[in-house]
Amino acid sequence: MAGYARKKRQLKAEINVVPYIDVMLVLLIIFMVTSPFVTQGVEVDLPKTESAKPASDIAGDSDASFIIVEVDKEGNLGVSVNDQDMVRGLSMEDVITRVKAERSISPKSPVAVGGDQKTAYSDIVLVLDQLNKAGIEKVGLLTDIKENS
């Protein structure tokens, strides 16, 4: 036993990351499960008219995209291209940028502004004015078509 010497253990100071990875994976799963339940847009109750034309008639050219700018009753703005999901919560500058970008790709793309029946007229006029200042001159208004009963 004369040759046996006790060795001192060196302590290793390291952080165990396994619990952090577990927590992150649980959070990822929670976000993935709850994300489909988040409302993507606000329902807009359009005014009804008898003489309105369907959007497909206005678009005409199959290559042209159809750009819709919506204003809800709180004045929040949204943009949709070719009936894709409405991108909501945009500033006026973002709306103008998106519309101009789409028009640069497809110059014949018709633009329409839609507003809820309870949307202030001044909000619609403001959007029309800003689009006009940005060089987008032909802008339509969205309505629902009244069904004759």
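Just to check your reading of the model, which residue among D85, D129, D123 is closer than 28 Å to P36 by Cβ and not small (G, A, S)? Break it down into steps so the answer makes sense when it comes.
On the way: D129 fails: closer than 28 Å to P36 by Cβ; D123 fails: closer than 28 Å to P36 by Cβ.
D85 is the lone residue from the list that is closer than 28 Å to P36 by Cβ and not small (G, A, S).
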Going through (1) surrounded by 19 or more Cβ atoms within 10 Å (Cβ to Cβ); (2) at pLDDT 85 or above; (3) of a type outside the set (K, R) one by one, G115 fails only at (2)
In the range 98-117, residues that are in a helix (DSSP H, G or I) and of a type in the set (G, A, S) total 2
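What do you reckon, is L11 in a helix (DSSP H, G or I), at pLDDT 75 or above, loosely packed, with under 11 Cβ neighbours inside 10 Å and more than 13 Å from the chain's Cα centre (by Cα)?
Against the criterion (in a helix (DSSP H, G or I), at pLDDT 75 or above, loosely packed, with under 11 Cβ neighbours inside 10 Å and more than 13 Å from the chain's Cα centre (by Cα)), L11 does not qualify.
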Scanning the range 102-124 for residues that are closer than 15 Å to I136 by Cβ and without any contact (Cβ under 8 Å) to a residue 40 or more places away in the chain gives E102, R103, S104, P107
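Return the residue satisfying two criteria in turn: it lies in the range 127-149 and is under 12 Å from E70 (Cα atoms), of a type in the set (A, V, I, L, M, F, W, C) and modelled with pLDDT of 80 or more, and of such residues it is surrounded by the fewest Cβ atoms within 10 Å (Cβ to Cβ). Reasoning before the result, please.
First pass over the range 127-149, keeping only residues under 12 Å from E70 (Cα atoms): 127-128, 140-143.
Filter once more, keeping what is of a type in the set (A, V, I, L, M, F, W, C): 127-128, 141-142.
With modelled with pLDDT of 80 or more added as a condition, the list becomes 127-128, 141.
Working: V127: 23, L128: 16, L141: 14.
Top of the filtered list is L141.
The values are calculated or read from the model by the stated rules, or taken from the named source; none is laboratory data. All values reported here derive from a predicted model rather than from experimental measurement. Cβ atoms come from the backbone with ideal geometry, glycine included; neighbour counts cover every protein chain shown.
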